[in-house]
Amino acid sequence: MTAPAIRVRDLRKDYGDVQALDGLDLTVERGEFFGLLGPNGAGKTTFINTLVGLVHKDGGTAEVFGFDVEDDYREARDRIGLAPQEFNVDRFFPIREVLHHKAGYHGIGKKAARERAEDALKTVGIWEKRDTRFDWLSGGMKRRFVLARALVSNPDLLILDEPTAGVDVQLRHDLWDIINRMNDAGTTILLTTHYIEEAERLCDRVAIMDSGQKVEVAAPDDLMARGTDTIELELADPPRSAPRLDIDGVSEVAVTDDGLSVTAAGGSQTAPELMRELERQGHTVTSLNIRRASLEEVFVDMTRDDRDYAEVSA
Ligand SMILES: Nc1ncnc2c1ncn2[C@@H]1O[C@H](COP(=O)(O)OP(=O)(O)OP(=O)(O)O)[C@@H](O)[C@H]1O
Ligand SMILES: [Mg+2]
């Protein structure tokens, strides 16, 4: 049996009264593009830091490709490339040398290290800056460099903690291309982001975390199917008040300037019956548009509900 890329069970980390990780269970399969979503302070970075040995867990188990992150630290750590949320780069050396050191740290010989460094800097598009020190790179180039550093050891698991925070549209698309190519070539990706649309586009599955726990894990499409859709209808003769629509799944009917806006679970299943019912009531539907729930809306609902619950039970 091959072990999954990441498996954690009942993972715990306390900082005084704060339970940064409060019994987290999570499995990421090999080759997956996996997203980790959650509001500020949910515990995402703490989770990542336990995997790479920067944080010592207080309880539970954590394995990377079957290697325990503490007992088999070296085996686990050498398989991971990390682009952390906060820059922690040796600022005074030319960036190419920083990559040589990093590769060396992972046991890669000098000649191979030089080749890897060149490849990595070319992949992220800052080869021409190879002799510059980190401090002198622009903000976007720093992001690119941190990704290059994560790639230099040729990791089986690439962990990206908010890689696109504050970067421009062009760089965001460049980074997406690079990590998509890595994933196509078999690298497992763990990505945290606050751009939920990014997770919707890129990830096979996402976990939603809140207060150190997993709230949900599913494919973005499956999560979106749980949200409510909005059906916008234009009517030939818009009504003044909302008609009574006794249809399964319809939760709200509102009058708009040129017709109705109907909120429903599963908009595409509801639409035909909605049309029939409106025509039966004497309306003529001239146009219909279904706006699907976004992952962002579902995410906000799930984490907000969780908050309300935490407040009530506190
Ligand atoms: N070194 C530390 N000392 C004390 N508290 C900490 C430390 N690191 C994290 N925490 C606390 O643990 C909780 C989880 O923080 P963490 O950085 O893991 O959140 P996050 O999900 O990565 O949030 P963000 O989206 O803001 O990056 C927070 O309440 C944070 O204040
Ligand atoms: Mg974080």
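Every number here is computed from the coordinates shown, using simple stated rules; none is lab data. Bear in mind that the values here come from a model prediction, so they are computed numbers and not experimental data. Note that we place each Cβ from the backbone using ideal geometry, even for glycine, and neighbour counts take in every protein chain shown.
Quick notes
- Relative contact order, percent, the chain [alpha-carbon distance under 8 Å, six or more residues apart]: 19
- Per principal axis, descending, Cα span of region 13-116 in whole Å: 45, 30, 26
- Helix 295-313 vs. the chain, principal-axis angle (Cα, 0 to 90°, nearest 10): 90
- Percent of C-alpha pairs per 20 Å bin in the chain, short distances first: 28, 46, 21, 5.
- Cβ crowding within 10 Å ranks His194, His283, His173 as His173, His194, His283, fewest other Cβ atoms first.
- Each label point was placed 7 Å from the Cα along the Cα-to-Cβ direction; for Arg276 and Ala236 their separation is 2.1 nm.
- Remark: region 63-216 is approximated by an ellipsoid whose semi-axes, taken from the C-alpha gyration tensor as √(5λ), come to 25, 20, 14 Å, largest first.
- In a simple Cβ point-charge model (Lys, Arg +1; Asp, Glu -1; nothing else charged), region 6-223 has a dipole of about 1100 debye relative to its Cα centre.
- A simple rule links phi to the HN-Hα coupling: the Karplus curve 6.51 cos²θ - 1.76 cosθ + 1.60 with θ = phi - 60°, which for region 125-138 gives x, 10, 4, 5, 9, 4, 9, 8, 8, 3, 3, 8, 7, 6 Hz, with x for Gly and Pro.
- Within a Gaussian network of the chain (alpha carbon springs, distance under 10 Å), most fluctuating of Ala236, Ala148, Ala207: Ala236
- Calculation over all alpha carbon pairs of region 228-292 in 5 angstrom steps from 0 returns a P(r) of 4, 21, 34, 29, 11, 1 percent.
- A simple count of charges around Ala225, restricted to other residues whose Cβ falls under 15 Å of its Cβ and scoring Lys, Arg +1 and Asp, Glu -1, yields -4.
- Pairs from Lys129/Lys214; Lys102/Lys129; Lys57/Lys102; Lys13/Lys110; Lys57/Lys111; Lys111/Lys142 whose Cα-Cα separation, in the structure shown, is over 29 Å: Lys129/Lys214; Lys13/Lys110; Lys57/Lys111
- Between 0 and 90 degrees, the angle of helix 169-184 with respect to the longest Cα principal axis of the chain falls at about 70 degrees.
- Helix 267-280 and the long axis of the chain differ in direction by around 10°, with both axes built from C-alpha atoms.
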